[in-house]
1. For the stretch 36-168, with the dipole built from +1 on Lys and Arg beta-carbon atoms and -1 on Asp and Glu ones, taken about the Cα centre, which of 135, 105, 168 lies farthest toward the positive end?
2. Is the C-alpha gyration tensor of the stretch 8-87 telling us rounded, prolate or oblate? Criteria: a/c under 1.5 is rounded; beyond that, a/b larger than b/c is prolate, otherwise oblate.
3. Give me Rg over Rh for the chain, both radii from the alpha carbons and Rh done the Kirkwood way, two decimal places.
4. Show me the ranking of peptides 15-22, 97-104 by mean Cβ neighbours inside 10 Å, starting with the highest.
5. Express the carbon and sulfur contribution to the solvent-accessible surface of the stretch 2-167 as a percent, rounded to the nearest whole number, probe 1.4 angstrom.
6. Given the DSSP H assignment, sum -39500 (n - 2.57) over each helix run of at least 4 residues in the chain and divide by its residue total; what's the result at 222 nm in deg cm²/dmol, nearest 500?
7. For the chain, give the magnitude of the charge dipole about the Cα centre (Cβ charges: +1 Lys/Arg, -1 Asp/Glu; no others), in debye to the nearest 20.
8. For the stretch 2-167, what proportion of DSSP beta bridges, expressed in % and rounded to the nearest 5, is antiparallel?
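The values are calculated or read from the model by the stated rules, or taken from the named source; none is laboratory data. As the structure is a computational prediction, the values presented were derived from the model and not from experiment. Positions of Cβ are backbone-derived with ideal geometry, glycine not excepted, and every protein chain shown enters the neighbour counts. Only protein heavy atoms, including side chains, enter the accessible area calculation; ligands, DNA and RNA are left aside. Shrake-Rupley method; radii C 1.70, N 1.55, O 1.52, S 1.80 Å.
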Amino acid sequence: MIQIMKANDSHVKGISSVCIRAYWATYGETHSKEWIEKVIRVYNRARILREVSESNRDWGGYFVAIENGKVVGAAGGGMIDEEIGELFVIYADPDRRNEGIGSGLLNTITKQQKEEYGAQSQWVFIQKGNMKGIPFYKSKGFKFQSENIPKVYPEFPARIKLRYSREV
Ligand SMILES: CC(C)(COP(=O)(O)OP(=O)(O)OC[C@H]1O[C@@H](n2cnc3c(N)ncnc32)[C@H](O)[C@@H]1OP(=O)(O)O)[C@@H](O)C(=O)NCCC(=O)NCCS
């Protein structure tokens, strides 16, 4: 059985592993190796250790999906305005997609944002072309809002981010 819970120090290694493996699985075919290696540095254990011990309005902490003591998914979000929550990160173990892990994590974070912080809507950024993520958000009622063309690397289409939102 898979359980969703607030993450603690004992989950740091598992969160890091899921985020890094899922990032490679998501972007390995569309992004350069150099790019991925740079981005996944944010999933280092020291940083995640700091992030699991924090929980406030701006960053509600990491939540994890656990099966037999193993982290099979991780996610986190925070409030970006009075009544607006955002999902900052969500990954399921790449070998375990489409089993409800992402739904469980999103539900828990949505509950936190609504009940503890008064969220009325929820936003997310997603990279254009990420077909491992966009159908998930669509199935949860998120609607496309805008396209964000990065100033730094305008020639690199994979960097274009889409803004999606839904009422919660
Ligand atoms: C996005 C992600 C977290 C979803 O987690 P998951 O455990 O695979 O998702 P679930 O099994 O809970 O839910 C799948 C839902 O999305 C829908 N879905 C997923 N992929 C789909 C696809 N390719 N086409 C249509 N629907 C799809 C399912 O039908 C299901 O809908 P339902 O809840 O109405 O039945 C996971 O797939 C993932 O890690 N993706 C790669 C990383 C990523 O892109 N993260 C988001 C950007 S930060």
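1. About the Cα centre, the residue reaching furthest to the positive side is 135.
2. Oblate, because a/c is 1.5 or more while a/b does not exceed b/c.
3. Here the Rg-to-Rh quotient is 0.94.
4. Ranking the peptides 15-22, 97-104 by packing returns 15-22, 97-104.
5. Result for the stretch 2-167: 49 percent of the exposed heavy-atom area is carbon or sulfur.
6. Computed ellipticity for the chain at 222 nm equals -8500 deg cm²/dmol.
7. Computed about the Cα centre, the dipole is about 400 debye.
8. Rounded to the nearest five, the antiparallel share is 90 percent.
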